[in-house]
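Trainee: The structure's right below; bear with me while I get my questions together.
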Amino acid sequence: MILKEGKEKVLIIPDLQIPFHHQDAFDFLDYIKRKIKPTKIVNIGDSIDSHALSDYITDPDGHSAGHEHKKALDYLQDLYSIFPNGVEVESNHNNRIYKRAYASGIPKFFLKSFKEFMGAPDGWEFLPFTIIDGIMYEHGDCSSGQQAARSAALSNMRSTVIGHHHNTAGIQYVSNKEKMLFGMNVGCLIDNNAYAFQYNKSNKMQPTLACGVVDKGVPILYPMILNKHFRWVGK
Ligand SMILES: [Fe+2]
Ligand SMILES: [Fe+2]
């Protein structure tokens, strides 16, 4: 039951769903960055929400797609000032504009690159997934259920870090007589009261606000502890 050792210290930014992120999300991520001093940054996707472009029912009192994205771009600049370098993996919310374009018959040639769409600096790369120290980082929308992180590790045949499933953050291990793998779901850092999350209001299970770290091959989940006013306690 050997867990493969790694070299890097990876900080994983969870689903932010900007501009519907928790108001203390960036301060919390900055704090974790200063505390652990990561060597690599992975954004696990859904950094923007694009609620207005959803294929599901959208809030008729909500903002337009343009207004929402302009707001998101301002917040993204704040995020990129904390994290000038990193990799973001492909995800369902980030892809909403491209899905709409595809459904409308608009060729890729006419569209901005995702990096340009996000106003991202040169230090950011956008990939379908990434592998660091043999560990897969993918959004997680191809796995389902409470065991999504574990299922992803098993189907990838390597330890795997996911996001996407806001309500089931955690680390699950699976071992045989030879190897040990882990699946980690890093949760999210959303403002759960925002209208974009109306779809989850009646669920018993609610989001876990957290971020993840993989320190030389070992997964760690850092929950964001809130006070009674739902503000981060600051440490
Ligand atoms: Fe998400
Ligand atoms: Fe997602």
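The values are calculated or read from the model by the stated rules, or taken from the named source; none is laboratory data. Here the structure is a predicted model, which means the values were calculated and not measured. When we count neighbours, we look across all protein chains shown, and the Cβ atoms used for this are built from the backbone with ideal geometry, even at glycine. Side chains are part of the model used for accessible areas, which takes the heavy atoms of the whole protein and leaves out ligands, DNA and RNA. Shrake-Rupley method; radii C 1.70, N 1.55, O 1.52, S 1.80 Å.
Trainee: Do any of LYS40/LYS71; LYS177/LYS216; LYS70/LYS112; LYS115/LYS204; LYS33/LYS204 go past 25 Å between their Cα atoms, and which?
Mentor: LYS40/LYS71; LYS115/LYS204; LYS33/LYS204
Trainee: Go through the range 1-104 and name the GluC sites (Glu not before Pro) that are in a DSSP coil and have 12 or fewer other Cβ atoms within 10 Å of their Cβ.
Mentor: Working: sites: GLU5, GLU8, GLU68, GLU88, GLU90; in loops: GLU5, GLU8, GLU90.
Hits after loop and neighbour filter: GLU5.
Trainee: May I pose another question? Taking the simple approach of a point 7 Å from Cα along Cα-to-Cβ for both ARG231 and TYR56, what is their distance in nm?
Mentor: That separation, rounded to one decimal, is 3.0 nm.
Trainee: Further question: Please work out how much accessible surface HIS229 shows to a 1.4 Å probe, ignoring ligands, DNA and RNA, in Å² rounded to 10.
Mentor: HIS229 exposes around 130 Å² with every protein chain in place.
Trainee: How much of the calculated P(r) for the chain lies past 31 Å, in percent of all Cα pairs? Working shown, then result.
Mentor: Values: 5395 of 27495 pairs.
The calculated P(r) of the chain puts 20 percent of pairs beyond 31 Å.
Trainee: Tally Lys/Arg at +1 and Asp/Glu at -1 over every other residue whose Cβ is under 9 Å from the Cβ of ASP215; what's the total?
Mentor: Once all neighbours under 9 Å are counted, the net charge is +1.
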